[in-house]
Structure formats: C-alpha cells, structure tokens
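Before any comments, here is the structure.
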Amino acid sequence: MTKAKSTLTQMNGYGELNKRTTYFKRYWQLYALLSLPILYFLIFRYGPMYGVQIAFKDFNLFQGINGSEWIGLEAFREVFAMNDFYITLRNTFMLNFLDLIVSFPAPIILAIMLYEIRSARFKRISQTILYIPHFISWVIIGGIVYQLFGTQSGMINGLLQGMGFEAIPFLTEKNSWLVTYLFTGVWQSAGWGTILYLAALTGVNKELFEAADVDGASRLRKIWHITLPSIKPTIVTLLILNLGRMVSIGFDRPYIIGNTAVREYSDVLSTFVYRIGLESGQYTLATVVGLFQAVVGLIFILGSNYISKKTTGDGIL
Amino acid sequence: MTGNMRRGVMKKAAGAVLTALMGVSLLSGCGSGSNEGAASDGSGDGKRVTLKVEVFDRGNSPSPHTITNNWLTQYVQKEFGDPNNIDVEFVPVQRSEETTKLNVLMASASDVPDIVFVYDSSVFYRYAQQGGLTDVGELINEHGPNLKEYLGEETLKFGQLEGQQFAIPGKRAITARYNSYIRQDWLDKLNMPAPTTTDELYETLKAFKEKDPGGLGSKNIPMGLALAPSGYEPLIYSFIKPIQGDLTYSQRYELPLHEGFKEAMQFMNKLYNEGLVSQDFSLDEEEEQLAKDFQNGNVGFITEDVGQILYADGVLDNLKKNLPDSEVAAIDTLTNPNADNKYTKSRYGSNGMYIMIPKSSKRSVEAVKYLDWMASGDNLLTMSTGVEGENYVMEDGIPVVKEDAAQEIKDRVYNGGDMAILANGKVIGDQETNEEAWTVGFPKQNQELMRQSIAVANTDTIGPIVFDRPIEAEAKYGTALNDKLKVIIVQSTMAKPDQFEAVYEREMKDFMNIGGAELQKELEQALQEQG
C-alpha cells in the first residue's frame, strides 16, 4: 500500500516535472527573449540602487561609497532647510501640472483629427510632418526658439515692431516665458503622442460607424460616442503614467529653454540636482533629492492608480 | 503571439536565430569592452611605466592629428618619455565639461590620470579637503629644480594650503584682463570727445541712443552687454571699494560682499531701462549675440577681455569688412566713485590653472619629472609655439610666428596652449616681454590697437587676495552663489526703476541666506588672521 502510494507520488512528481520541462522546451525562446529585459532591469535599474546609500553618508569622492561615514538623516535635514529646494519643487509641480493641462489633450485632439482624414496619402504626409519635431534634440529647438522669440533679435518681435507693436519679452519675462515653454512642448511632443491613440483606434470596429451612419449620427456625435470611448483606456493609462511623473521632470527642456532672467520659474528639481551634484560635487545632497523624487513619484503613481480604479474601473496595476 | 508560434518550424527557427543573434551581440558588446580595458592597461613589459596626463579636447584636431596622437604628443614621448622609459598617455577631457568630467574621473581610482588640472579654485580646495591630492612639496624639492625656478615662490603659493603643496599652479603670462572699446567714427560724427569718466560715458551713450549716429533705428545698441564676466565685471569693479589697497576678494561671487556693489546694480538698471544696453543680454551667456551685433556695426561701446575682438578674422576684422569706414578705439572711461575716481578694474592673479596629482596615483614622481622637463630648456616654447625657424623666428628675444608657414607646419601646435599646461599664454620672460610676444601674434593692422588695449587694461588694476588656507564656504557654496550672482545681476538690471530697491533687497537677502553670510564671516576672519 505504502509502496504503491509512494510510486504514485513519484510518478505524479515525475509527470509534473516532465510536463514542466516539455512546456519549457516548447516555449524556451520566449523565456530567452524575456531574459534580456530582465537582465536589463537587474543591471541598469536595480543594480544602481546600491548607490542610494550615498544619501545617508557623508560621501567622500576618494574613499568611495563603503569608505564614507554614515550620517543618518543629516543630509535630508540640510536639503529640507534649503530655500532652493522648495522653489524647484514648486516649479517642478507647476510646470508639470500646466504641461498636463496644455500638452495632454493635444495629441488626443490631433489623433482624432488624423483619424477623420479620408485621403490616405494626405494622412500619411501629415503624420510624418507631425512626427518630425519629436526627433529634433532640445539643444537645436533651444537655438530655434532663441532665434524666433528673442526680444531684440528675434524674428517674431522684428515683425511685431515692423508693424508698429511693442516687442514682447517671450523669453525674459516669467509669464510670457511660461507660455513659450508650454507651447514649445506641445509643438515638440503632440505629433509623436498621437501614435498610441491611433494604434488604439485601428482596433475600432468599422461596423459601429456604419450603424451610426444609418441612424443619421453627425460626425461630432460619432466622435463623442464611438471614437472617444474606444480610446478611453489608453487615455486613462497615459494619464496615470503622467501623474506618476509629476515630481520628476526632464532635464533638457527646462535647462535649455530656461535662462537666468526667468530662473524664478525655470529652476526645477532636475536642474537643481545637476547644479549641486555634478557642478558643485555635493553628491550626498543630490542623491537625497533623487531619492525624494523617487518616493514621491511612487506615492503619486499608486495614488492615481487607486483613484482611477475606483472611479473608472481602469488601472495599470 | 501564440498564433505566430503555431505557424510551424520556420517561425520557430526564425525565433531561435533572433534570440541567438541578440545573445551574440550582447556578448560581443562585453567582449569589446574588456578588450579596451586590456589595451589601456598598456604594455606591461617590465620596468617601463605609463604616465597618464589630462588634456583638454576642444574637438578641433586637424587631420591627420587626433587629440591623443599628434605632433606634440609624439614630441613629448620622444623627448621625455623614451629617455625615461615612460609611456606618456594623454586622457582627453572635453573643454566644456571640464569640472563634471573631472569629478567623475577623480571618483574612480583606476581611471584617473596622474596629472589633472582645473581653473576653479573651489574645486581644488574641495579635492584637497577630502584628502584626494598628493602633497608634492618634497617631490618638487627632489625632482623639480627647473619647475621650482620657473614658477618661483609667488606662483607656487597659490597651490599651498596650510603649508602643504597640494597643487602646482601654472604661470600666467599676462595679468591684463579687461578693457573697453568705443566706435570712434560714431564719436566723430556727433563731434564728441571720448568720454573719460563714468558720467561722461552715460552722456555719450545717451547721445548714441538719441542721435543714432549709425542710422540703425531699432537695431541701435549704444552699449553692448552680455551675461558674461567681461560684460558685468568691468562695470561692477568700477563701483566697488577694494578690501585692501589694490587687492580684493578673488572670487566673482564675492563681489556682492563689497561696498558699492549696489550702486553698480543701480547703474546697470538705469542703463537697461533707458534702453542703452542690449535688451536680450540675459540670454547671451556665450557672447554670441554680442559678437554678431558688434561686427554688424550695431554697437557703440563694449567692455571686453583684452584682445578678444582683435584676433585674425575676428570681430573687429569682420566689422571692417562690413563697414569699411568704421573705426574702433580702446578707451579707459569707467571711474570709481568709491576709490578716488580711479579707473579700477580686475586683473588676473599671477597663477594659471591648478595642476594636481591625485593621491591614488602611483606615478607621482614621474608626474613631477614630466612637469620639470616641460619647464626646462626650450620645451615650453616648443610646446606652445613649435619649432624655431619653421613655426617662428626669434626677433629681439621675442618669438614671432611665421604667418607664411605651411598649414601642415602650423597644425603641429594646434593645441599648444592646452598641452603647455605650465603656462597660461606665452611665458617668455617678464610681463612686458610676454605682452609684446602676445601682441605680435595678432594681425599687423590690429597690433597698434592691441598695445593700447593692454595699456588700458593695466591701469589701476585690482588683484586677488591669496589666503594660505582654503575658505570652506567657497568650496561649499561657491557654485550656488555664482549662480545667484547672475540672478542678482539680471533681476536688478531688468527690474522697473521703481521696483529696483525691493528686487535688489530681496535677491541680496537670498544671497546672504544661501551661504553669502557664512562666506562673508569666514573671509573677514581669514583677513584678520593674515593681519
């Protein structure tokens, strides 16, 4: 009896193992493909977390991470006492929030417009033209912006003055600068942002539109009741991702479009980290700011996901 | 995906190939990396050692030269390396990312060159404080007699902290720094004499604006200004009261701690609001727009680094090309009400950059030997100027560059200034000789103006106070304060006149809060200790 039972379990175990190996054998390529991204995350995303301890140490360049002394939360106290930290934090939130209002809807509107275009050829050409700005580096965009919007030397102000208007300080007065900053962002990213929405739209069943046509729905009605609902999950996902990034901000755009005259608005966490970390070599303080950003970012993304799940039923986690 | 998988052997095979390819490319990536590592370890053949030396890369190497293999590196290897059984390897660092890259290099004990350098004294102090530098005092005594003689005690002092020689300062050939240029043809047209005081300058600028002698309309810029030291420092130095006679605090961000700084800001505010200076100056940190405006003939007056506009095919030559009737004169006009109305202006200290040997370097002896070799014989001259008879000829003890030398010959020393790290500019002999040597390097037609410029720049100069201990607040707050200085200048200058007071007070309060107050306290204490 016992013998029989043990043979049975043995056989069962063997069978399961066998099943697993054949499963693995059959799909090993998928695992092999998966291993590369996993490796990437281990090496480039998890590995560097080792360096987070710099935030709790009096980091000395020449002693290395292990040789430096632990200082507890002293660096955090120092950062939270810095006036610049709060200004840059406020600016980061402000620029990101305004960006969300101005730049987030732009690709949605653009994608719907592109979707409505009948001529395939015209559609392709416009898409290409809209994508181009995405591939131009911020350094070059910065150069173009300065040439166009300078107060005394810019083309736009040259035209304005030629027509007898006052020059507008697009780049040197903080509120005008904000508008320049936001719309440069729209120009650069809106076209590229349409890709995800257009991809979502290809999955819409054409019969819905035909049925709506039969019912005599106008174009706007169709957009409102068919197009928009079908890209709603995409919109929600992107919104959550954007909210999660509220506290982190790219370096190039504020650094290049910004200047000393509008420092009050253009100084953000990323430029702050660059200044104290790489320029003044205060690595401990820079790491503290980086860690702070990561923690707040995590809270934001979890929070917005929770709210989204509660209200719309869609989420990303 | 599963649908694809079912489509049979072909797809499977393709998948396997793809996977294999990705794996291989990943491996080959690692492979080439480790190969490079092996190569840079150098030829480990017995006693021959490798000395690694930093060099600035400006991305301007003419073919067939490269930054790590050119006529000068070969010269160093042949004249210094081979006789001493040393392989000299040059480690390029991009000029514009000098400090950032150096911070990274210093953090890695294995990759850091044996000789590194930096202009920024606070970076030098920080490295010294953190214990990252070799004390080279004894090494110089033992292996650097020529070096010691060349630099002299006065220059060596710049590299000493509390009695230890943590850096070998380069020597600066010329301490002249700033002067001013005015469009003489505009003055002539208005029948005005050249201004000789700050007040007269203001009147002249107003006349330039109102009477528009260039006939430029809205393009007219009476005084060209950029957010660059050569733009605002001469203005500020013409208002501040120096700390000790003709000496004052050395760092730019220490200017706001001087009496008279506010008056300087007030003056800039007046100039800006009356439309007398470039309206976009705050965007122009590289002086690109300023150079453009000046050579297009739109600018009446500027302050500049000595000689900056006089180089061959430079700003002045371009102006003459655009407007053949234009004429530019060097003048001294900014008088200081807080220093007996003298023409006070900044001068450089007699040191160049801080040359340092990291503590982790195992080749400190060879490093000092290399610098000693550079300071001996004609080596420095050869490294900065080339070969006598081919690149230059000696006239009255001054090396005159041969303009008609073949391009190939000229290209030998294309980065001579960056390789001859012991000298900033051409160090031939005393200051006057150096100035003359510098002048004859300019195009013939600009040499007279160059002589006048140097004379102006050497009048009533204020030099830096050198402390024998690091000012800790400089290392700690220097970068932030430097940044704040620019904000103070821009905000105070661009404020509406009735808001000037409030804006200035607000920014200055901020400046004091983020370290300015601590810095002031420490500087005053250091002054007292020095007596």
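So which residues in the stretch A:155-178 are part of a loop (DSSP other than H, G, I, E, B) and aliphatic (A, V, I, L, M)? Give the steps one after another, and end with the answer.
Going through the stretch A:155-178, the residues part of a loop (DSSP other than H, G, I, E, B) turn out to be A:163-173.
Hits for the stretch A:155-178 are A:MET163, A:ALA167, A:ILE168, A:LEU171.
Got at least one residue in the stretch A:86-107 being within 14 Å of another protein chain (Cβ to nearest Cβ), without any contact (Cβ under 8 Å) to a residue 12 or more places away in the chain and over 30 Å from B:LEU290 (Cβ atoms)?
yes
Which condition does B:ALA475 not pass, out of (1) buried (at least 18 other Cβ atoms within 10 Å of the Cβ); (2) among the small types (Gly, Ala, Ser); (3) away from every other protein chain (no Cβ under 14 Å), if it passes all the others?
Single failed check for B:ALA475: (3).
From the list A:ILE240, A:ILE301, A:ILE256, A:ILE226, which residue is within 28 Å of B:THR479 (Cα to Cα) and assigned by TED's automatic domain parsing to the domain that holds A:MET113? Spell out how you get there, then give the answer.
Details: A:ILE240 fails: within 28 Å of B:THR479 (Cα to Cα); A:ILE301 fails: within 28 Å of B:THR479 (Cα to Cα); A:ILE226 fails: within 28 Å of B:THR479 (Cα to Cα).
None of the others qualify; the one that does is A:ILE256.
Give, as residue ranges, the helices (runs of 4 or more DSSP H) completely inside the stretch B:86-155 that count at least 1 residues that are within 21 Å of the chain's Cα centre (by Cα) and within 14 Å of chain A (Cβ to nearest Cβ). Steps first, please.
Details: elements: B:98-107, B:121-129, B:137-143.
The helices (runs of 4 or more DSSP H) meeting that bar are B:98-107, B:121-129.
Test A:ALA75 against the criterion of being touching a residue at least 24 places away in the same chain (Cβ under 8 Å) and either assigned to a loop (DSSP other than H, G, I, E, B) or more than 14 Å from chain B (Cβ to nearest Cβ) (or both), and give yes or no.
Details: touching a residue at least 24 places away in the same chain (Cβ under 8 Å): yes; either assigned to a loop (DSSP other than H, G, I, E, B) or more than 14 Å from chain B (Cβ to nearest Cβ) (or both): no.
No, not satisfied.
Can you pull out every residue in the stretch B:427-453 that is within 30 Å of B:GLU254 (Cβ to Cβ) and in contact with a strand residue (DSSP E or B) (Cβ under 8 Å, 6 or more places away or on another chain)?
Within the stretch B:427-453, B:VAL427, B:SER453 qualify.
Hey, among B:ASN318, B:ASN336, which residue is free of Cβ contacts under 8 Å to residues at least 24 places away in the same chain and touching a helix residue (DSSP H, G or I) at 6+ places or on another chain (Cβ under 9 Å)? Lay out the reasoning, then the answer.
Working: B:ASN336 fails: free of Cβ contacts under 8 Å to residues at least 24 places away in the same chain.
The unique qualifying residue is B:ASN318.
Looking only at residues in the stretch A:151-191 that are surrounded by fewer than 21 Cβ atoms within 10 Å (Cβ to Cβ), of a type in the set (Gly, Ala, Ser) and under 17 Å from the mean Cα position of the chain (by Cα), which one is nearest to A:ASP99 (Cα to Cα)?
Of everything passing the filter in the stretch A:151-191, A:GLY185 is nearest to A:ASP99 (Cα to Cα).
Does B:VAL76 satisfy the condition of being more than 30 Å from B:ASN482 (Cβ to Cβ) and either in contact with a strand residue (DSSP E or B) (Cβ under 7 Å, 6 or more places away or on another chain) or within 14 Å of chain A (Cβ to nearest Cβ) (or both)? Steps first, please.
Working: more than 30 Å from B:ASN482 (Cβ to Cβ): yes; either in contact with a strand residue (DSSP E or B) (Cβ under 7 Å, 6 or more places away or on another chain) or within 14 Å of chain A (Cβ to nearest Cβ) (or both): yes.
For B:VAL76, the condition - more than 30 Å from B:ASN482 (Cβ to Cβ) and either in contact with a strand residue (DSSP E or B) (Cβ under 7 Å, 6 or more places away or on another chain) or within 14 Å of chain A (Cβ to nearest Cβ) (or both) - is met.
Hey, among the residues in the stretch B:370-397 that are β-branched (Val, Ile, Thr) and surrounded by fewer than 20 Cβ atoms within 10 Å (Cβ to Cβ), which one's nearest to the other protein chains (Cβ to nearest Cβ)? Give the derivation first.
Step one: of the stretch B:370-397, the residues β-branched (Val, Ile, Thr) are B:382, B:385, B:387, B:393.
Now narrow it down to the ones that are surrounded by fewer than 20 Cβ atoms within 10 Å (Cβ to Cβ): B:387, B:393.
Details: B:VAL387: 40, B:VAL393: 43 Å.
Ranking the candidates gives B:VAL387 first.
Given the criteria under 22 Å from the mean Cα position of the chain (by Cα) and surrounded by fewer than 21 Cβ atoms within 10 Å (Cβ to Cβ), does B:TYR348 qualify? Break it down stepwise before answering.
Values: under 22 Å from the mean Cα position of the chain (by Cα): yes; surrounded by fewer than 21 Cβ atoms within 10 Å (Cβ to Cβ): yes.
So B:TYR348 passes the test.
What are the residue pairs meeting all of these: first residue in the stretch B:236-260, first residue within 17 Å of B:GLU524 (Cβ to Cβ), second residue in a loop (DSSP other than H, G, I, E, B) and of a type in the set (Asp, Glu), Cβ atoms under 7 Å, and 6 or more apart or on different chains?
Matching pairs, first to second residue: B:ILE240/B:GLU259; B:LYS241/B:GLU259.
Restricting the stretch B:334-369 to residues that are hydrophobic (A, V, I, L, M, F, W, C) and more than 14 Å from chain A (Cβ to nearest Cβ), which is nearest to B:THR303 (Cα to Cα)? Walk me through how you get there before you give the answer.
Looking only at the stretch B:334-369, we keep the residues that are hydrophobic (A, V, I, L, M, F, W, C), and these are B:334, B:339, B:353, B:355-357, B:365, B:367-368.
Cutting the leftovers down to more than 14 Å from chain A (Cβ to nearest Cβ) gives us B:334, B:339, B:353, B:355, B:365, B:367-368.
Values: B:LEU334: 10, B:ALA339: 20, B:MET353: 24, B:ILE355: 31, B:VAL365: 44, B:ALA367: 40, B:VAL368: 40 Å.
That would be B:LEU334.
Are any of the residues in the stretch A:37-51 of a type in the set (Gly, Ala, Ser) and not assigned by TED's automatic domain parsing to the domain that holds A:ILE235?
First, the residues of the stretch A:37-51 that are of a type in the set (Gly, Ala, Ser): A:47, A:51.
Add one more test, that the residue is not assigned by TED's automatic domain parsing to the domain that holds A:ILE235, and what stays is A:47, A:51.
Checked against the condition, which is being of a type in the set (Gly, Ala, Ser) and not assigned by TED's automatic domain parsing to the domain that holds A:ILE235, the stretch A:37-51 yields at least one hit.
If we keep just the residues of the stretch B:478-497 that are of a type in the set (A, V, I, L, M, F, W, C) and more than 25 Å from A:GLN282 (Cβ to Cβ), which is nearest to the other protein chains (Cβ to nearest Cβ)?
Step one: list which residues in the stretch B:478-497 are of a type in the set (A, V, I, L, M, F, W, C), which gives B:480-481, B:485, B:487-490, B:494-495.
When the remaining residues are screened for being more than 25 Å from A:GLN282 (Cβ to Cβ), the result is B:494-495.
Details: B:MET494: 6, B:ALA495: 11 Å.
So, considering only residues that are of a type in the set (A, V, I, L, M, F, W, C) and more than 25 Å from A:GLN282 (Cβ to Cβ), the one nearest to the other protein chains (Cβ to nearest Cβ) is B:MET494.
Within the stretch B:279-295, does at least one residue satisfy the condition of being crowded, with 17+ Cβ neighbours inside 10 Å, assigned to a loop (DSSP other than H, G, I, E, B) and modelled with pLDDT of 95 or more? Before you say what the answer is, go through the steps one by one.
The first filter runs over the stretch B:279-295 and keeps only residues crowded, with 17+ Cβ neighbours inside 10 Å, leaving B:279-284, B:287, B:289-291, B:293-295.
Filter once more, keeping what is assigned to a loop (DSSP other than H, G, I, E, B): B:279-280, B:284, B:287.
Going one step further and asking which of them are modelled with pLDDT of 95 or more, we end up with none.
No.
Residues that are within 14 Å of chain B (Cβ to nearest Cβ) and out of contact with any strand residue (DSSP E or B) (no Cβ under 9 Å at 6 or more places or on another chain), at least 3 per element: which helices (runs of 4 or more DSSP H) completely within the stretch A:187-296 meet that? Explain how you work it out, then say what you get.
Values: elements: A:206-214, A:219-222, A:228-244, A:252-257, A:263-266, A:269-273.
By residue number, A:252-257, A:263-266, A:269-273.
For residues in the stretch A:78-117 being of a type in the set (Gly, Ala, Ser) and surrounded by fewer than 20 Cβ atoms within 10 Å (Cβ to Cβ), which is farthest from the chain's Cα centre (by Cα)?
We begin by selecting, within the stretch A:78-117, every residue of a type in the set (Gly, Ala, Ser); these are A:81, A:103, A:106, A:111.
If we keep only those that are surrounded by fewer than 20 Cβ atoms within 10 Å (Cβ to Cβ) too, we end up with A:81, A:106.
Details: A:ALA81: 29, A:ALA106: 15 Å.
Selected residue: A:ALA81.
Inside the stretch B:382-420, can you point out the residues that are of a type in the set (S, T, N, Q), under 26 Å from the mean Cα position of the chain (by Cα) and outside any loop (DSSP other than H, G, I, E, B)? Steps first, answer last, please.
Residues of the stretch B:382-420 of a type in the set (S, T, N, Q): B:382, B:384-385, B:391, B:407, B:415.
Narrowing the set further to residues that are under 26 Å from the mean Cα position of the chain (by Cα) leaves B:382, B:384-385, B:391, B:415.
Answer for the stretch B:382-420, where residues must be of a type in the set (S, T, N, Q), under 26 Å from the mean Cα position of the chain (by Cα) and outside any loop (DSSP other than H, G, I, E, B): B:THR382, B:SER384, B:THR385.
Within the stretch B:303-312, does at least one residue satisfy the condition of being assigned to a strand (DSSP E or B), in contact (Cβ under 8 Å) with a residue 24 or more places away in the chain, in contact with a strand residue (DSSP E or B) (Cβ under 6 Å, 6 or more places away or on another chain) and not assigned by TED's automatic domain parsing to the domain that holds B:ALA226?
Step one: list which residues in the stretch B:303-312 are assigned to a strand (DSSP E or B), which gives B:303-305.
From what is left, the residues that are in contact (Cβ under 8 Å) with a residue 24 or more places away in the chain are B:303-305.
Next, from what is left, pick out any that are in contact with a strand residue (DSSP E or B) (Cβ under 6 Å, 6 or more places away or on another chain): B:303.
Keeping just the survivors that are not assigned by TED's automatic domain parsing to the domain that holds B:ALA226 gives none.
Within the stretch B:303-312, none of the residues are assigned to a strand (DSSP E or B), in contact (Cβ under 8 Å) with a residue 24 or more places away in the chain, in contact with a strand residue (DSSP E or B) (Cβ under 6 Å, 6 or more places away or on another chain) and not assigned by TED's automatic domain parsing to the domain that holds B:ALA226.
Could you please tell me which pairs satisfy a Cβ distance under 6 Å, a separation of 6+ or placement on different chains, a first residue in the stretch B:273-290 that is over 18 Å from A:GLY258 (Cβ atoms) and at the interface with chain A (Cβ under 10 Å from one of its Cβ atoms), and a second residue that is of a type in the set (A, V, I, L, M, F, W, C) and surrounded by 15 or more Cβ atoms within 10 Å (Cβ to Cβ)?
So the pair list comes out as B:SER278/B:ILE221; B:SER278/B:LEU225.
Collect the residues in the stretch A:36-56 that are at pLDDT 90 or above, within 13 Å of chain B (Cβ to nearest Cβ) and either surrounded by 14 or more Cβ atoms within 10 Å (Cβ to Cβ) or within 26 Å of B:GLY131 (Cβ to Cβ) (or both), keeping them in residue-number order.
Residue satisfying the conditions is A:ILE54 alone.
Given (1) touching a residue at least 60 places away in the same chain (Cβ under 8 Å); (2) of a type in the set (S, T, N, Q); (3) crowded, with 17+ Cβ neighbours inside 10 Å; (4) more than 30 Å from B:LEU133 (Cβ to Cβ), identify the lone condition not met by B:ASN341.
Here B:ASN341 clears every test but (3).
Quick one: would you say A:SER230 is surrounded by fewer than 19 Cβ atoms within 10 Å (Cβ to Cβ) and at pLDDT 85 or above? Write out each step before concluding.
Numbers: surrounded by fewer than 19 Cβ atoms within 10 Å (Cβ to Cβ): yes; at pLDDT 85 or above: yes.
In short, yes.
What's the total number of residues in the stretch A:210-222 that are in contact with a helix residue (DSSP H, G or I) (Cβ under 6 Å, 6 or more places away or on another chain) and among the hydrophobic types (A, V, I, L, M, F, W, C)?
Start the filter on the stretch A:210-222 by keeping residues that are in contact with a helix residue (DSSP H, G or I) (Cβ under 6 Å, 6 or more places away or on another chain), which leaves A:212, A:222.
With the extra rule that they be among the hydrophobic types (A, V, I, L, M, F, W, C), the set shrinks to A:212.
Qualifying residue count for the region: 1.
The values are calculated or read from the model by the stated rules, or taken from the named source; none is laboratory data. In this text the structure is predicted, and so the values were computed from the model without any measurement. Methodologically, a virtual Cβ is constructed for each residue, glycine included, from the backbone with ideal geometry; neighbour enumeration extends over all protein chains shown.
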